[in-house]
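To start, the structure under review is shown below, and the notes come after it.
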Amino acid sequence: MGAISALPELVGRAAEMGRPIHFTSGRVGMTSFSAGTSAAPTIAALLVLGELSKIGAEPGVSIIATTGEAEVLPVAEEIVISAVTAAGHPEMKPDVRFLSNQLRSYISGCMGIISREKVAGNVVIGMIGMESLYLLDAGLDVGAMQIGGSASDSNAPWFVCAADYFLIGEEIIATAAYLGGDPTVVGSVAGEDVVKIIIMAIMMVGSILVTAGMPWLTELLKN
Amino acid sequence: MKEYSLRKLLSDKRFLYPWLVVLVAIPYIRPIGLPVVAYPWTKAAYDTVESIPEGSNVIVDTGFSPGSWAEQGAQGMALISHTLRRNCKLVFLVDAQEPPGVMMAERIMKELGPTVVDPRGKKYGVDWVNLGIVAGGVAAAAQLAQDFHATVKYDTYGTSLKELPLTKNIRGVADFALILLITTGRAFPLLEQWRIPYAKTIKIIVATMGMGLTTYIANWNAGIVNGLLSGIRGAAEYEALTKNYGEATKGMDAVNLSHIFAVVLLFAGNASFWIARTRKGKPKEA
Amino acid sequence: MLALTLMTWSYLYRENFFYRLAEKTFIGITVGQLLCLQLQALWSQDIALVTRGEWLLILPTVIGATYLLRLSQKYRWISRYAVALLVASSVGLAVRVLPWIVEQHIVAVMAKLTVLDNAIILTAVVTSIFYFYFMRKPGGIAEQISKIGRGFIMVNLGAIAAGVFLVRLATLTERVQFILRTLGIIP
Amino acid sequence: MSVLMSVLKKKELPFVILTIVGLFFILAYYFPLPLLASVEKELRGWVIIMGIFLNLLGVVSLTIKEYGIIRKRLAGWESSAWFLVVLIITVVVFFYAGSSGKDPFYTYFDTLFTPLDTGMYSLLTFMVIAAFFRVFRVRSWESFLLVASLVFVMLMNAPVGEAMWSGFPAIGQWITTVPAMGASRASEICIALGGIILMMRIILGLEKRIM
């Protein structure tokens, strides 16, 4: 996945230009709004933030993380602190900013930061809602290198076109897992792939059964 | 290098913005009125309203915020003016998830009042009631179906529901003929708790945002939803079906012009990209 | 009101003084409202109930209050416990989507394959899942299938982009109408 | 005492709590016993109360950051000062005027909020248009599929497509209900699965980077 290798490139560019990197995991949090589907992408995005801080700690690139949900603030700070400590730079302070819990108000703040700080890199990843195109557009205007992806399909098209490196759907979660270089990750992902094969098999068998006029598998799964 | 500077001006995105505003503004000053052909699910929504007995009670969920007025408000006005012309009585409510929806119900009735519906006939308390926020999600919806007065005691102004002529005799789901869901996604659980268990006596029409359409088409195919409106286009189709042209029809003119504009831009952008690419032999980033 | 709308639109030219003014006003009022509503909620949902005898609620109040210790460098570690609870609850909630996925998506795909469209839907689902099959080897058969899946995903994204354009356009028409009305061009 | 403190300061203990509480939430969902259910309901209430403090933390930390900018007279401190002024006015109006019903606070809030909100919202249309022109480029067969599907569905949405050629709405409807529907289902299934795997890793303590 290209986006993983792009993080060092992004940090290098920012260090060279002497400008900060903007990171956001979007407006939604982990427990409140439509929690079921947004928790994992948000946490995955924060793990990407951790990796970014780890790479950025050595050249001392400042990373401005913004959020539209207050509950992301402490988790993001913890992740950044443990990442920079692991990289041997515990003196780096996390810069996580809560802007507003109202969607458009948060967007206006993000756009302001991107264009005023003239960020060198713009990382927009997670369960990104309608803020996607606003932030990508602002990033394009200041010529930032953009990496991103949304776990919500309805906002993914803009990333495909406007980001330099994009991730689609589940790739976000998988990337975040791979980033740490943890050997247990391969095992988890392999296990997940087996589940996917099973799901595909169930769907195909179920369809064939329905075609043959035996919908018992469908009835079974409905309950 | 005059030609060069002209091209630079044309490729600046700021050059596009005024054109978009002009294209959207034109239909309001001089309407064009291309015919809007209704999708089958919109026609089904119209037929559903026509099929309920005249004067039935209708329950309406207006769970959307002012930001979506252009879409949801237009759909709400089209649907509600039709039900009112069939002399239906309306009971509005919203979920606790979308508090501004309470004001949206008032706004629909206010904007409809003097235009479509004969203002002399329709009175608050007799023809329509606004329950305000009904908190409690699924549990509250289920209880509301069985025992109306035990779940909600007062309307949004604090008047007792037992004193209002419309709600005085309502006991539960059996007294309603139709559900209108005019929401932006997270609907009040009327679909699960009212339509599915009581499918024989009550029908449902969903007015969703343009993006929510695919999910609901599956429900429409399955017969769970009787009729479906989607976004400003759905509203315009409904206005055409009821021959009651309003905001959405004008909006569709703007949609037509700006969509042509968008397609032209797509081709222009790609053409300039490919010309630059073949000239220089490598892709040029925007 | 017209001025405020135009102030936000001024961003389209470039980031400027008026936009900054609008931005800070916007954040100011929403954050102010958040602060007030949360203080009110703290009273009505928590402290008022505790004084009425629901002593158990003292516990989340104390744990919640430790979040504020994050602002101090020295006692920041205390809040780590509260963060652990926060992550735990989000994790616990996230696992709940499984039954919903089975019902909404897996069952819905199973339909008569003799109808061409249903067969295409099944193909689209299966090939697209292959795109998210991460153990695939470069050049293998899974890689080939995943390319077809990627094509289906792109078609989906294009359709979505068109839908989003229509939805957003509706809001613009409303604003343009508002401006025309304010300027007195249309009634 | 100092031994206890150093144990508490370590990261292991929060991880243990995370595991226990996380497993509890899962158990309570899949095995809805009355006891588990009532404890779970109580815990959900706690999460809401803790959420209040999180929001307060957000507001306080934002205010402190903006105040720091003003005190150090960093670039753009004037706008930070304006932010504080608006914040204070909002709080004063709220508590002075009360907050229920149709009172001065809502008039104040709506007058400022509605135009700003809808103004920001409609900015997006301009950005979509600019994106169509700037970045929707046919670079490969994949982006060709994306742009083609975009054009067909746009011409389905706009009645003018029907006026040009009756095939546009038919193809557009087929795209949205058949191939697009299939791909979006696949994407939802995979996100849910990936999410569950990540969450299980966190609960089992395999994901050390979380704290």
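Laboratory data are not the source of any read-out in this text; all were calculated from the coordinates shown. Computed from a predicted model, the values in this text were never measured in an experiment. Cβ sites come from the backbone with ideal geometry, for glycine too, and all protein chains shown count toward neighbours.
The table that follows gives values for the structure above.
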{"quantity": "Approximate spin-label separation A:GLU219-B:PHE15, in nm, with each point projected 7 Å along Cα-to-Cβ", "calculated": "6.6 nm"}
{"quantity": "Lys, Arg +1 and Asp, Glu -1 on Cβ, resulting dipole of segment A:139-223 about Cα centre, debye, nearest 20", "calculated": "300 debye"}
{"quantity": "Average other protein chain Cβ within 10 Å of Cβ, residues D:160-168", "calculated": "3"}
{"quantity": "Semi-axis lengths (Å, descending) of the ellipsoid that matches the C-alpha gyration tensor of segment A:2-181", "calculated": "21, 18, 16"}
{"quantity": "Residue among C:GLY149, C:GLY140, C:GLY158 with the largest mean-square fluctuation in a Gaussian network model of chain C, springs linking Cα atoms under 10 Å", "calculated": "C:GLY140"}
{"quantity": "At R0 = 45 Å, FRET efficiency that the Cβ-Cβ distance of C:LYS112 and A:THR184 yields, to 0.05", "calculated": "0.55"}
{"quantity": "Average beta-carbon neighbours from other chains, 10 Å sphere, peptide D:69-77", "calculated": "1"}
{"quantity": "Likely footprinting exposure, D:ILE52, A:ILE43, C:ILE186, fewest C-beta neighbours within 10 Å first", "calculated": "C:ILE186, D:ILE52, A:ILE43"}
{"quantity": "Where labels lie 7 Å past Cα in the beta-carbon direction, separation of B:ALA271 and B:TYR245 in nm", "calculated": "3.3 nm"}
{"quantity": "Estimated inter-spin distance, C:SER44 and D:ALA81, nm [label 7 Å along Cα→Cβ]", "calculated": "3.7 nm"}
{"quantity": "Most fluctuating residue given options A:GLU171, A:GLU71, A:GLU192, as computed from a GNM of chain A linking Cα atoms under 10 Å", "calculated": "A:GLU192"}
{"quantity": "Taking C:ILE29, A:ILE125 and counting other C-beta atoms within 10 Å, the order from fewest to most", "calculated": "C:ILE29, A:ILE125"}
{"quantity": "Selected from A:GLY26, A:GLY213, A:GLY60 as most flexible by GNM, with chain A as the system and alpha-carbon contacts under 10 Å", "calculated": "A:GLY213"}
{"quantity": "Surface/4 estimate of mean projected area, convex hull on alpha-carbon atoms of segment C:97-187, nm²", "calculated": "10.6 nm²"}
{"quantity": "Value in Å of the Kirkwood radius, where chain C supplies the Cα pairs that are averaged", "calculated": "23.6 Å"}
{"quantity": "Bins of 10 Å, starting at 0 and running to the largest distance - Cα pair percent for the protein assembly as shown", "calculated": "2, 11, 21, 26, 23, 12, 3, 0, 0"}
{"quantity": "Rg/Rh for segment D:10-97, where both radii come from Cα atoms and Rh is the Kirkwood radius", "calculated": "1.24"}
{"quantity": "Sorted by Cβ neighbour density within 10 Å, fewest at the top, the residues A:SER5, A:SER152, B:SER230, B:SER81", "calculated": "A:SER5, B:SER81, A:SER152, B:SER230"}
{"quantity": "Segment A:144-172 and segment C:131-187: distance between their alpha carbon centers, rounded to Å", "calculated": "12 Å"}
